[in-house]
């Protein structure tokens, strides 16, 4: 099946996405969030708006093309907006971020437990 563009939030239209023939909202959201750099962008915007240049630097100098593509997708989905201060999370984007905070706290505890058990510090090898 050819992949169709997704524009969640535009007129209630749903389309097929990767891994789903139904276009159910959860599948559309997971497809969007699973795209390269998307979650990182949302994460970096969690505290404050950032200019395009600052956001790119926070994302380890990701390519400007992919950053703009992801920002456009996140804006179309209603999670990110462009303000005078730069790119920032919308109220809906902040709601999404709050859903990730328990996962963030779990990941911190999990990482500490792994390191306490002698596992290597993955933060250094993945950076």
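FYI, it's all coordinate maths here, none of it is from the lab. All of these numbers come straight from a predicted model, not from anything done at the bench. Reconstructed Cβ throughout: ideal geometry from the backbone, glycine too, with neighbour counts over all protein chains shown.
Here is how the numbers come out for the structure above:
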quantity	calculated
Label-point separation, residue 85 to residue 24 (7 Å along Cα→Cβ), nm	3.7 nm
Length released on extending from residue 58 to residue 109, taking residue separation times 0.36 nm less the Cα-Cα span	16.0 nm
Order of 36, 75 under a 10 Å beta carbon neighbour criterion, fewest first	36, 75
FRET efficiency estimate (nearest 0.05) - Cβ-Cβ, residue 119 to residue 33, R0 25 angstrom	0.40
Ranked list, fewest to most other Cβ atoms within 10 Å of each Cβ, for 41, 66, 26	26, 66, 41
With eigenvalues of the C-alpha gyration tensor scaled by 5 and rooted, region 35-126, Å	27, 16, 10
Neighbour-count ranking [beta-carbon atoms within 10 angstrom, fewest first] of 56, 122, 35	122, 35, 56
